[in-house]
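Read the structure below first, then the notes.
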Amino acid sequence: MTLNWINWICASLIIYMRYITSFLFLLSCFTIGAQEIELDSSGQLPFLTLANEVNSWKELRSYEGRFRIVMPGEVEEKSYTLATDVGDLTYRTFYCQLPLKGSDNLMYMLSYVDYPEGAIHSDSIALIPEFFEATMDAAAQSVKGDLVYSGTDNYKGYPGRRWRIDYLRGSAVIKTRAVIVEHRYYAIQTITKKDKNLNLSTDKFFESFTIFVD
């Protein structure tokens with residue numbers, strides 16, 4: 001992959017992330033600002049909570065998107081087309097937003113985009129690490145956050161990563177699971193307050209992701 005391709009992917013991702021965060025009003029949802037993490041009755045940090053999402057999970061299937069996933073509420077869909085020098089990129093996003101009070105996560109999202117021939121492919125083993133590094137950097141830049149964790153997370157032989165970005169002065173967390181299937185890039189994300197970032201709802205959401213491969 002050339003440097004021009006990396007720059008192009010980063011630029012398109014930053015534009016898209018700015019669009020989606022603006023549309024979903026993520027920043028305004030966290031105007032409460034940074035709060036101290038409260039200790040439970042035993043004096044320990046809260047760990048692995050499962051809040052009111054527990055009884056409301058619904059399955060979402062997209063045959064066009066070739067995936068299945070579950071989300072804890074009504075799912076809405078948005079698409080955003082970005083014109084580039086090599087053609088239009090259409091990002092499709094499925095999301096579920098929950099009230100801040102009593103929920104493990106404020107937002108559940110799945111997005112995907114098909115990159116053009118010659119940009120990136122899941123078979124490009126030598127190029128995949130560079131692609132993910134550029135993607136994570138662009139994602140952190142788009143919300144003025146800090147990348148605090150990343151690790152390999154392949155899916156049925158397809159290359160993948162997981163990472164965490166802290167933003168809003170450390171009071172909010174975006175967790176991402178990303179997979180490249182041929183020319184298609186999937187990103188599964190949750191957004192929550194920092195003191196709720198360890199929760200079973202994120203695990204359930206991420207692990208429910210299934211891809212239909214022709």
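The values are calculated or read from the model by the stated rules, or taken from the named source; none is laboratory data. These figures come from a predicted structure and were not determined experimentally. All Cβ positions, even for glycine, are placed from backbone atoms using ideal geometry, and neighbour counts span all protein chains on display.
Observations
- Residues (within 18 Å of residue 205 (Cα to Cα) and surrounded by fewer than 16 Cβ atoms within 10 Å (Cβ to Cβ)) located in the stretch 68-115: 68, 74, 76, 77, 99, 100, 102
A quick yes/no check of all residues on (1) among the aliphatic types (A, V, I, L, M); (2) modelled with pLDDT under 85; (3) closer than 17 Å to residue 57 by Cα; (4) assigned to a strand (DSSP E or B):
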site: 81; (1), (2), (3), (4): no, no, no, yes
site: 112; (1), (2), (3), (4): no, no, no, yes
site: 117; (1), (2), (3), (4): no, yes, no, no
site: 135; (1), (2), (3), (4): no, no, no, no
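- Of the numbered criteria (1) farther than 27 Å from residue 120 by Cβ; (2) surrounded by 16 or more Cβ atoms within 10 Å (Cβ to Cβ); (3) more than 17 Å from the chain's Cα centre (by Cα); (4) modelled with pLDDT of 90 or more, the one residue 51 fails is (4).
- Those residues of the stretch 183-213 which are assigned to a helix (DSSP H, G or I) and polar (S, T, N, Q), in sequence order: 201, 202
- Candidate set: the stretch 119-138, residues that are free of Cβ contacts under 8 Å to residues at least 60 places away in the same chain, of a type in the set (A, V, I, L, M) and more than 25 Å from residue 192 (Cβ to Cβ); chosen: the one surrounded by the fewest Cβ atoms within 10 Å (Cβ to Cβ): 126
- Test for residue 177: is it touching a helix residue (DSSP H, G or I) at 6+ places or on another chain (Cβ under 7 Å) and surrounded by 15 or more Cβ atoms within 10 Å (Cβ to Cβ): yes
- Strands (runs of 3 or more DSSP E) contained in the stretch 139-182 and holding at least 2 residues touching a residue at least 24 places away in the same chain (Cβ under 8 Å), hydrophobic (A, V, I, L, M, F, W, C) and closer than 27 Å to residue 125 by Cβ: 160-167, 172-181
- Meets criteria (in a strand (DSSP E or B) and in contact with a Cys (Cβ under 6 Å, 6 or more places away or on another chain)) for residue 108: yes
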